[in-house]
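First, the structure itself, so that you have it in front of you.
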Amino acid sequence: MYQIISPSTPEEFDRYFSLRYDVLRAPWQQPRGSEKDSEEDHSTHAMLTDETGQCIAVGRLQQNSAEEGQIRFMAVHPNWQGKGLGKLVLRHLETEARKLGLQRIVLQARENALNFYLSEGYANTGASFKLWDIIQHYKMEKVL
Ligand SMILES: CC(C)(COP(=O)(O)OP(=O)(O)OC[C@H]1O[C@@H](n2cnc3c(N)ncnc32)[C@H](O)[C@@H]1OP(=O)(O)O)[C@@H](O)C(=O)NCCC(=O)NCCS
C-alpha cells in the first residue's frame, strides 16, 4: 500500500527531488538544481511511496509566518495522476500545518492544477505570475 513519509536519508531526498524535477522542471528543459530553492532546510517535506518504495508523489510545506503556511512543489508521477494521490499528499501537508499552529495556507497554482485545489477547498484569489513566460499561475488560499 501507499505510505507518506518525510524523506530523511540522502537516498530518500534524491528520490524526492528527482520526482519534483521530472514532473515540474524537465518537461520545460529547465536545468538540474532548478527544482530546489533556499527554503528546503526549513520546510516540511512529504513523499508518498508505493509498496516497492518507489516515490510517486511529493509536496512541500513552508512556514511564511506564525499564521501562514505555503504549499509548493506538488507533483505526482504522470502514471499515477488522477488517482487521488495528490489529494493524500495535500491533506497530509495541511495536517502538518495544523500541528504547527498555522491558520491558513497560500499557494501559487499552475493553471492545470486549479481544479485540483478548488476541489480541496482552496479559493482562487486571482492571476499572479507566468512562470518562464509560459505557465500562468493563480494565487490560492485556504483557511485551515
Ligand atoms: C496537480 C496534481 C498534483 C494533482 O494530483 P493528482 O493525484 O493528479 O490529483 P487527485 O487524483 O488527487 O485529484 C483530486 C481531485 O482533483 C481533481 N483533479 C485533479 N487534477 C485535475 C485536473 N487537472 N483538472 C480537473 N480536476 C482535477 C480530481 O478530479 C479529484 O477530484 P475528485 O476527488 O472529486 O474526483 C498532479 O496532477 C500533478 O502532479 N500535475 C502535474 C504537476 C503540477 O501541475 N503540479 C501542481 C503545481 S501548482
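Taken together, the values in this text are just the output of simple stated rules run on the coordinates, not laboratory data. Everything numeric in this text was worked out from a predicted model, so none of it was measured. All Cβ positions, glycine included, derive from the backbone under ideal geometry; neighbour counts span all protein chains shown.
Got a sec? How would Tyr122, Tyr2 order by Cβ neighbour count within 10 Å, fewest to most?
Tyr2, Tyr122
Now for a different question. Arrange Leu61, Leu144 by Cβ neighbour counts within 10 Å, fewest through most, would you?
Ordered from fewest to most neighbouring Cβ atoms within 10 Å, Leu61, Leu144 come out as Leu144, Leu61.
For region 3-143, rounded, prolate or oblate, judged on the Cα gyration tensor with a ≥ b ≥ c (square roots of eigenvalues), a/c < 1.5 rounded, else prolate if a/b > b/c?
Rounded.
For the chain, what does -39500 (n - 2.57) per DSSP helix run (n ≥ 4), summed and divided by total residues, give at 222 nm, in deg cm²/dmol to the nearest 500?
Taken over the chain, the calculation gives -8000 deg cm²/dmol.
What relative contact order, as a whole-number percentage, does the chain give when Cα pairs under 8 Å and 6 or more residues apart are counted?
18
Further question: If I model a spin label at Ser38 and Ser6 as a point 7 Å from the Cα along the Cα→Cβ vector, what separation in nanometres do I get?
The modelled label-to-label distance comes out at 2.3 nm.
For a quick check: sort Arg15, Arg98 by the number of other beta carbons within 10 angstrom, fewest at the front.
With the sparsest Cβ surroundings first, the list reads Arg98, Arg15.
By per-residue mean of other Cβ atoms within 10 Å, what is the highest-first order of 103-112, 26-35?
Descending packing order for the listed peptides: 103-112, 26-35.
So for region 71-144, averaging the separation of alpha carbon pairs under 8 Å that are six or more residues apart and normalising by length, what relative contact order in percent results?
Averaging sequence separation for qualifying contacts and normalising by length gives 31 percent for region 71-144.
Set Lys and Arg Cβ to +1 and Asp and Glu Cβ to -1, take the dipole of region 3-143 about its Cα centre, and tell me which of Pro10, Val58, Ile105 lies farthest positive.
Ile105
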